[in-house]
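Note sheet for the following structure.
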There are 4 protein chains.
Amino acid sequence: MTRLTEDANGVYIIALTPFTDTGALDLDSTDRMVDFYMERGATGLTVLGMMGEAQKLTTEESQTYVKRILKRVDGRLPVVAGVSSAGFAPMKTLTEMMMGDGAAGVMIAPPSTLRNDQQIIGYYQQAGDFLGDVPFVLQDFPLVTSVTIPVSVIQTIIDQVPTCVCLKHEDWPGLSKITALRKSAETQGKRRISILCGNGGMFLPEEMARGADGAMTGFAYPEMMRDVVRFQREGELARSQDIFDAYLPLARYEQQPGLGLSIRKYIMAKRGAIASAALRKPGSSLSKDDISEIERLIERQTERLQELGQ
Amino acid sequence: MTRLTEDANGVYIIALTPFTDTGALDLDSTDRMVDFYMERGATGLTVLGMMGEAQKLTTEESQTYVKRILKRVDGRLPVVAGVSSAGFAPMKTLTEMMMGDGAAGVMIAPPSTLRNDQQIIGYYQQAGDFLGDVPFVLQDFPLVTSVTIPVSVIQTIIDQVPTCVCLKHEDWPGLSKITALRKSAETQGKRRISILCGNGGMFLPEEMARGADGAMTGFAYPEMMRDVVRFQREGELARSQDIFDAYLPLARYEQQPGLGLSIRKYIMAKRGAIASAALRKPGSSLSKDDISEIERLIERQTERLQELGQ
Amino acid sequence: MTRLTEDANGVYIIALTPFTDTGALDLDSTDRMVDFYMERGATGLTVLGMMGEAQKLTTEESQTYVKRILKRVDGRLPVVAGVSSAGFAPMKTLTEMMMGDGAAGVMIAPPSTLRNDQQIIGYYQQAGDFLGDVPFVLQDFPLVTSVTIPVSVIQTIIDQVPTCVCLKHEDWPGLSKITALRKSAETQGKRRISILCGNGGMFLPEEMARGADGAMTGFAYPEMMRDVVRFQREGELARSQDIFDAYLPLARYEQQPGLGLSIRKYIMAKRGAIASAALRKPGSSLSKDDISEIERLIERQTERLQELGQ
Amino acid sequence: MTRLTEDANGVYIIALTPFTDTGALDLDSTDRMVDFYMERGATGLTVLGMMGEAQKLTTEESQTYVKRILKRVDGRLPVVAGVSSAGFAPMKTLTEMMMGDGAAGVMIAPPSTLRNDQQIIGYYQQAGDFLGDVPFVLQDFPLVTSVTIPVSVIQTIIDQVPTCVCLKHEDWPGLSKITALRKSAETQGKRRISILCGNGGMFLPEEMARGADGAMTGFAYPEMMRDVVRFQREGELARSQDIFDAYLPLARYEQQPGLGLSIRKYIMAKRGAIASAALRKPGSSLSKDDISEIERLIERQTERLQELGQ
């Protein structure tokens, strides 16, 4: 069985949860979506994340959905499941369910009640104890969690909790955090964990240059992230940045708080990856103006990519 | 089957969730706790509330616990179950489970993402639609939810969502809200719903005088709330206030944010209502100093009650 | 000139800012208020605090008001001035103005942007540098500032910033913080600074028992705080607590968020300490119901104090 | 004297406050900066905004700085001054000072304590009353203020407060707000006020297409905003978007929370607009990595603009 390790790299797509127009889980689309991601360079999948509408699923639906994902993936990629919970008991139950079904690891965001260094460290120590040998991703996303985690705290967690194998870096953009963690690994012999970056890919070239191992986010064009990661690694920095710049106007548009997921689902449906762009309630929907702006940005993006010979 | 209505009154205790010292659900204590509450004047129970460590239970444990409560209550009291969720699908599933087991209604707090009047009204309209004919309590607790609900919004929800039959009033203390809602019922013919008050009972005499129907909170001495409600209703205001004042030093001590639940469980264990005072992780615990302060306050409380002939 | 030191103790009243009914500074009432506080046991005054409507004053008015306070006090008591600012330059200017006029020290709350231990320590180190040899009070009030300061951070500030001579303790109630700071002074030879407690005096007996040196808060009956502090020190714990309990119902009522200052000013005007109960805009006002509740609580308080022979 | 009106349009630059390396106000740079902005298409200036380090200035410095700005502008452009304050008295004093010196209007952000529609409307009504006939900009910036203002509330303020002549639109991006406000002006005969957009210009093409009148923000290349606004207005949408896209990678980089102002000042210093890139304390500074990323982005931007014949 695939297991998440410190070597995780490439593009871990934050997977959507496809629904029908009436709000039911759409399992056929789930299959197509997995294929879509894999064909466009995904090296891993992350399910039940914040942008996966996880909080709108019942426990039973969560399990049905993840089982379907895992069946379709069929061991070809590691699948990480979000298990953030207010209590350790439900987190443990969800983790056991997911790992039992074949997940490679789990992702844990800090509860918004944590208010200082010692509380954050204590929380991840306890989480590590509860989850036993299950490898986990520390999700560092202050904009949503309201918890700001200093580098020294991340370093302490790396030192003390061996099952913390990956940082989902989303402290917008906190490039200096990546630099500091890489430096402590190189010069102080600290354990080097995987760093995968979020933020919709909006800072991916700089994040890679600072030492990140890839992306863990959900832009509707995974090929952007695949190519940026690949060319950065191969030292073709200008090419990486050219491709990034071509996608940036749309990536920026997709980053609108409150509307971003609707935009991403619209594009994914348009590209044939899922049948319906519908969000489950409560959720936003797009206006005609929004849609015509998206369409225009896609057209321009296509043209620009052609100019670049992509 | 008992069903929650606009006539709900008296003392709806926010029930604890008893655990053993090692953090397992303690179902024997659950029975004793139900008896304890009923012997001391509870007219209803509210389970899976914020002070019930609901968020630390797995879905399965929640159901086991509530089934046990309902079995012990055996139809003698209405039981309200907290079902607040980020999405309507899990809220609906939890509601159906609870109502199927025999609950009288559910309680819904607003998600902290709601940021203006229209969003709050829309949320409760959608919730009402999703839950069908299940009666619910609107929980108004800005200190925890970060959502401030103006009187005009509560009134609109009362007007438009007939299954909203009760307000859990906890806008600290927001006495003017009670006055305004009662006035609109009396002078404008608006529907009069039940108003039960939280805040650990810290403002109960004034809340009753403003028109509240009782308390929905969880102080370790339910008899204080029983007596204050009773004597207020019977017009014995001085006696009501005398009793209240006797309990106030301890009630105040129990209201310490971050420590309050540990204090409440300590006293409940001391009084024999539950076997262990332990909170499930993550949770606080008491120091020796805390315990000796509690003991001293209990002693003084006992003396003062004797002086008052209680 | 009086200068704030680690020995500060007793009752530092958070002074009101008296306005006329039309919102002008009322300097005559300022004099009466100073007399009122001094006659009822104040050992210090704190001006321009959060409950002093400081943020509604122009810089010129702040100076006029503080000069008047200092003139009336005439060196008989130390006066601490709140100087919290988003930037160090305005903080320094305000501090120089206040100290030049005769203040004994200043009080600094952390800006709500601080999000972890290192940021808090860094902020107070920089503040200490900017203010030179001016003694200051560290205001620890998470409910309003959203900044939670762990004991270890307070200890580091005590260790590294010698001009931090006092902690205004208002981490509701955070009794364990007092215990921890006193223990580190006793057993590890750490510098012992003054600890004065806020919270409207709601936890004063316990705070004193844990090692606090007094109160820094603003209840409309300063004599409560004077007596509680005095009898605690003299070892008359029961008497201290009896007096406290007699005032508690009203103190509790005065602690209503959003309404508390209106209540305090109403009582102060009733007691003759200031001419008008008006708050400057934007500010709340009392309803008839509020006023009759206050009057009733005062009556009961008077009776209870008589019973106690006070 | 120029006075801000509903016709405000073009590019209102959020002006920096230049400091020397040691943190003193740099008035010579203030002059150069004004020239720099005017030469690159500014049609107005906004001073003492959040990105202008206003909160780090003393009142006296604020006045000195604004006087210098106004002298250099010499009536050629309208200058708007930020006067947001917790109280109306200091807001009024600051406003009178600024208008007396020659400002065209003021800008007011809502205090973060406002929590519902009625409170927001009430606040702006009171502010309008206090400021008399002074025209003001309503700053709608929830990310920083935590106050979300629905369209219906903005419309009510437009209806009831005639001196509200402009909306600084920064509800990221809230394009639908612009659409709704323009529609109510066109179809319901509502007053049409100026809408100028913030967000570092990151959504300027879409904002203009939705009916905005220009930008009010502070990207270090004002010429981007000048050209995007101009070509949008002239119907050259592709050209407008091409230019926007060329600047976008750097504009995105400048939008990093916590670091953005350091980046903007670095570029402004590099371009000769100000002498020093230093922020006043407390403030961030750039690492070598940051600087080399900025330099590379500027190089690429220059190349891309040449390709486009700009």
Quiz item: Would a scan of region D:294-307 turn up a residue that is in contact with a helix residue (DSSP H, G or I) (Cβ under 7 Å, 6 or more places away or on another chain), part of a helix (DSSP H, G or I), at the interface with chain A (Cβ under 9 Å from one of its Cβ atoms) and among the polar types (S, T, N, Q)?
Solution: no
Quiz item: Restricting region D:269-310 to residues that are surrounded by fewer than 17 Cβ atoms within 10 Å (Cβ to Cβ) and of a type in the set (Val, Ile, Thr), which is nearest to C:Pro111 (Cα to Cα)?
Solution: D:Ile291
Quiz item: Looking at (1) modelled with pLDDT under 95; (2) out of contact with any Pro (no Cβ under 8 Å at 6 or more places or on another chain), which is the one condition that is false for C:Pro249?
Solution: (1)
Practice problem: Working only within region C:200-223, note down all residues that are within 17 Å of C:Met33 (Cβ to Cβ) and not aromatic (Phe, Trp, Tyr). | Solution: C:Met216, C:Thr217, C:Gly218, C:Ala220, C:Pro222, C:Glu223
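So that you can scan it fast, the table gives a plain yes or no per residue for (1) of a type in the set (Phe, Trp, Tyr); (2) more than 14 Å from chain B (Cβ to nearest Cβ); (3) more than 14 Å from the chain's Cα centre (by Cα):
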| position | (1), (2), (3) |
| --- | --- |
| A:Ile13 | no, yes, no |
| A:Pro18 | no, yes, yes |
| A:Gly23 | no, no, yes |
| A:Leu27 | no, yes, yes |
| A:Met33 | no, yes, yes |
| A:Phe36 | yes, yes, yes |
| A:Pro78 | no, yes, no |
| A:Gly87 | no, no, yes |
| A:Lys92 | no, no, yes |
Quiz item: Which residues, counting only those in region A:1-35, are open to solvent by 10 Å² or more (accessible area, probe 1.4 Å), more than 15 Å from A:Ser194 (Cβ to Cβ) and touching a Lys or Arg at 6+ places or on another chain (Cβ under 8 Å)?
Solution: A:Gly23, A:Leu27, A:Asp31, A:Asp35
Quiz item: Can we say B:Ala180 is of a type in the set (Gly, Ala, Ser), farther than 18 Å from B:Pro257 by Cα and touching a Gly at 6+ places or on another chain (Cβ under 6 Å)?
Solution: no
Practice problem: Please work out which residue is farthest from the other protein chains (Cβ to nearest Cβ), limiting yourself to region C:278-293 and to residues that are farther than 14 Å from B:Ala180 by Cα and outside any loop (DSSP other than H, G, I, E, B). | Solution: C:Ile291
Practice problem: May I ask you to list the residues in region A:94-130 that are of a type in the set (A, V, I, L, M, F, W, C), under 28 Å from A:Glu61 (Cβ atoms), open to solvent by 10 Å² or more (accessible area, probe 1.4 Å) and within 11 Å of chain B (Cβ to nearest Cβ)? | Solution: A:Leu94, A:Met97, A:Phe130
Practice problem: Out of the residues in region B:36-58 that are within 21 Å of B:Arg76 (Cβ to Cβ) and among the small types (Gly, Ala, Ser), state the one that is surrounded by the fewest Cβ atoms within 10 Å (Cβ to Cβ). | Solution: B:Gly41
Quiz item: Looking at D:Val134, is it away from chain C (no Cβ under 13 Å), open to solvent by less than 10 Å² (accessible area, probe 1.4 Å) and either not charged (D, E, K, R) or not in a loop (DSSP other than H, G, I, E, B) (or both)?
Solution: no
Quiz prompt | Residues (β-branched (Val, Ile, Thr) and touching a Pro at 6+ places or on another chain (Cβ under 6 Å)) located in region C:253-287 | solution = C:Ile274
Self-check item: Subset of region C:256-268 [open to solvent by 30 Å² or more (accessible area, probe 1.4 Å), in a helix (DSSP H, G or I) and within 11 Å of chain B (Cβ to nearest Cβ)]
Solution: none
Quiz item: Of (1) out of contact with any strand residue (DSSP E or B) (no Cβ under 9 Å at 6 or more places or on another chain); (2) within 14 Å of another protein chain (Cβ to nearest Cβ), D:Gly52 satisfies all except one. Which?
Solution: (1)
Exercise. Count, please, the residues in region B:161-218 that happen to be of a type in the set (D, E, K, R) and farther than 19 Å from B:Ile149 by Cα.
Key: 3
Quiz item: Among the residues of region D:59-75, is there at least one that is closer than 24 Å to D:Glu170 by Cα and surrounded by fewer than 20 Cβ atoms within 10 Å (Cβ to Cβ)?
Solution: no
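The values are calculated or read from the model by the stated rules, or taken from the named source; none is laboratory data. What you are looking at is a predicted structure, and each value in this text was computed from that prediction instead of being measured. For neighbour counting, all protein chains shown are included, and Cβ atoms are generated from backbone atoms with ideal geometry for every residue, glycine included. What goes into the accessible areas is simple: the full protein's heavy atoms, side chains included, and nothing from ligands, DNA or RNA. Shrake-Rupley method; radii C 1.70, N 1.55, O 1.52, S 1.80 Å.
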